[in-house]
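Working notes, structure below.
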Amino acid sequence: MLKKSTVIRVRYAETDRMGYVYYGNYAAYFEVARVELLRAAGITYRSLEDEGILLPVISYEIKFLLPALYDDELMVVSTIPEAPTARIRFQYETRRDGELLNTASTDLAFVSRSGGRPMRCPPHVLEALLRAWS
């Protein structure tokens, strides 16, 4: 399992009239956490896209426990729980001062830009992830 923590400060524009983080903004928070987790393993979205490899989200699930509020400092812990195949799963926990606010997961598919077809995880990506796990 690969794990990384990313700090995100809630901006006023990300809240709704109740003062809560608008539920749709969590997808952006998870994207930031996912990109930083891959970067920590030596993989960047830019390099993947330059190689013609796309990673569209094919599923997204979230369970809300408590709201986040304006100016909260959130810790988003992202993990890759298992080695990817043609899909890669990310799991997330959002915390404020250690208190769990939500849990979520996304599944992304490896897709060839040229043909738009699903593909297996490229060997160099799998190797980088396995190196980071050890």
Protection-proxy order for peptides 119-129, 83-93, 27-37, each taking the mean of Cβ atoms within 10 Å per residue, highest first
27-37, 83-93, 119-129
Consider the candidate values (1) 18.9, 64; (2) 15.6, 47; (3) 13.4, 38; state which one is Rg and Dmax of the Cα atoms in Å computed from the structure displayed.
(2)
Pseudo-spin-label distance ALA128 to ASP97, built 7 Å along Cα→Cβ, given in nm, is 3.8
Express the relative contact order of the chain as a whole percentage, based on alpha carbon pairs under 8 Å and six or more residues apart in sequence.
30
If the chain between ARG46 and THR85 were fully stretched, how many nm would it gain, using 0.36 nm times the residue separation less the Cα-Cα distance?
12.0 nm
Treating the angle as unsigned and between 0 and 90°, give the value, to the nearest 10°, between the Cα long axis of helix 123-133 and the longest Cα principal axis of the chain.
50
Using alpha carbons only, how many degrees (0 to 90, rounded to 10) separate the axis of helix 25-40 from the longest principal axis of the chain?
50
Under a point spin-label approximation (7 Å from Cα along Cα-to-Cβ), what is the SER112-MET75 distance to one decimal in nm?
4.3
Please give the residues of the range 59-79, grouped as numeric ranges, whose backbone N is less than 20 Å from a label point set 7 Å along the Cα-to-Cβ vector of VAL7.
68-79
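We did not get these values from a lab; they are worked out from the coordinates using the rules stated. Source: prediction; values computed, not measured. Reconstructed Cβ throughout: ideal geometry from the backbone, glycine too, with neighbour counts over all protein chains shown.
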